[in-house]
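The values are calculated or read from the model by the stated rules, or taken from the named source; none is laboratory data. Every value quoted in this text rests on a predicted model; they were computed, and no experiment measured them. All Cβ positions, glycine included, derive from the backbone under ideal geometry; neighbour counts span all protein chains shown. For the accessible areas, the whole protein counts, side chains as well, though only heavy atoms, and no ligand, DNA or RNA atoms are used. Shrake-Rupley method; radii C 1.70, N 1.55, O 1.52, S 1.80 Å.
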Amino acid sequence: MSTTPKSGPAQGKTDHRKLGGALYSAKAVPHTLDVPEFVFLAVDGSGDPGQSPKFGSAIAALYAASYALKFAVRADTGLDYAVMPLEGLWHSTDPAFDAAALDTYGPGDRADWEWTLLIRQPVPYTDAQLAAALAKAAAKAGAEPAGRIRREVFTEGPCVQVLHKGPYETEPRTVKLLHDYVTAEGLKEAGRHHEIYLSDPTRTAPERRRTILRQPVS
């Protein structure tokens, strides 16, 4: 596990999302990029995200743990940073999941969805800081969802991504645009469908939401 430096004077807050360039700033036209190794807190689950109570509780627990970890790092080192946006990896055996020819997801298409919700942790932390953060997350968001949080490290490498603007229900049209680009460039999908939620859905009207759709390729 990574370790933090010794305590020092307070510093200004760093927003790693703003420093990430194309990693957190997609365009409406698909484009390629290379995604390096990142460290996340993650929760796995399955089922319709609109119906499964575990989906909402997983989000609450991830944010609770991420904020608690941020405050622990700041208290111990003086290093302050903005909590990163929620992300999701998605998979399904349903052939309609990619919705290449659909305008909306059908009501029966989501039951076998498998998802991993993620929040990137942009600075090093200790085992003790993480344990304390998870304990606080359990007290705030519940022991069951907090107990499912794990540390995840992975490198996506070459990817194609595009910006989707609007409700999540209209994503299939943007997904098709993404997959058409992958095919036209002679690439192959090499990982799970990845979404980065740049807008807080609790504070942003559906038509104003901005979501990065990313597909690892080879």
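A few comments on the model shown:
- Carbon plus sulfur fraction of accessible area for the stretch 21-74, probe 1.4 Å, in percent: 58 percent
- Where Rh is the Kirkwood radius over Cα pairs, Rg/Rh for the chain: 0.98
- Centroid-to-centroid, using Cα positions, the stretch 170-192 and the stretch 31-69 are 23 Å apart.
- Stretchable slack from R151 to R173, in nm (0.36 nm times residue separation minus alpha-carbon distance): 4.6 nm
- Label-point separation, A60 to D15 (7 Å along Cα→Cβ), nm: 2.8 nm
- Relative to the longest principal axis of the Cα atoms of the chain, helix 127-141 runs at roughly 70 degrees.
- Separation of the R74 and A143 label points, Cα + 7 Å toward Cβ, nm: 2.9 nm
- Think of a 1.4 Å ball rolled over the protein heavy atoms: the stretch 123-218 then has 50 Å² of accessible area per residue.
- Whether the stretch 6-70 is rounded, prolate or oblate, judged on the alpha carbon gyration tensor where a/c under 1.5 counts as rounded: oblate
- Note that the stretch 46-94 presents 37 Å² accessible area per residue, ligands and nucleic acids not counted, probe 1.4 Å.
- Computed from the C-beta positions of Q51 and A190 and an R0 of 30 Å, the FRET efficiency is 0.50 to the nearest 0.05.
- Nearby aspartates and glutamates by direct alpha-carbon distance to K165 (threshold 19 angstrom, same-chain neighbours under 8 apart not counted): E87, D98, D103, D180, E195, D200, E207
- Under-5 Å amide H pairs with S46, H placed in peptide plane, nonlocal only: W115
- Rounded, prolate or oblate (a/c below 1.5 giving rounded, otherwise prolate when a/b exceeds b/c) for the stretch 135-177 by Cα gyration tensor: oblate
- Each Lys or Arg adds one and each Asp or Glu subtracts one; over the other residues with Cβ under 15 Å from the Cβ of P122, this totals +2.
- A simple spin-label model places the labels of H31 and E114 3.3 nm from each other, with each point 7 Å out along Cα-to-Cβ.
- Among Q51, Q161, Q129: highest mean-square fluctuation, GNM of the chain, C-alpha pairs under 10 Å: Q51
- Shape of the stretch 117-218, Cα gyration tensor, a/c cut at 1.5: oblate
- Extension gain, T126 back to A22 (0.36 nm per residue minus Cα-Cα distance, nm): 34.6 nm
- Among A184, A42, A58, the largest mean-square fluctuation in a Gaussian network model of the chain, built with springs joining Cα atoms closer than 10 Å, belongs to A184.
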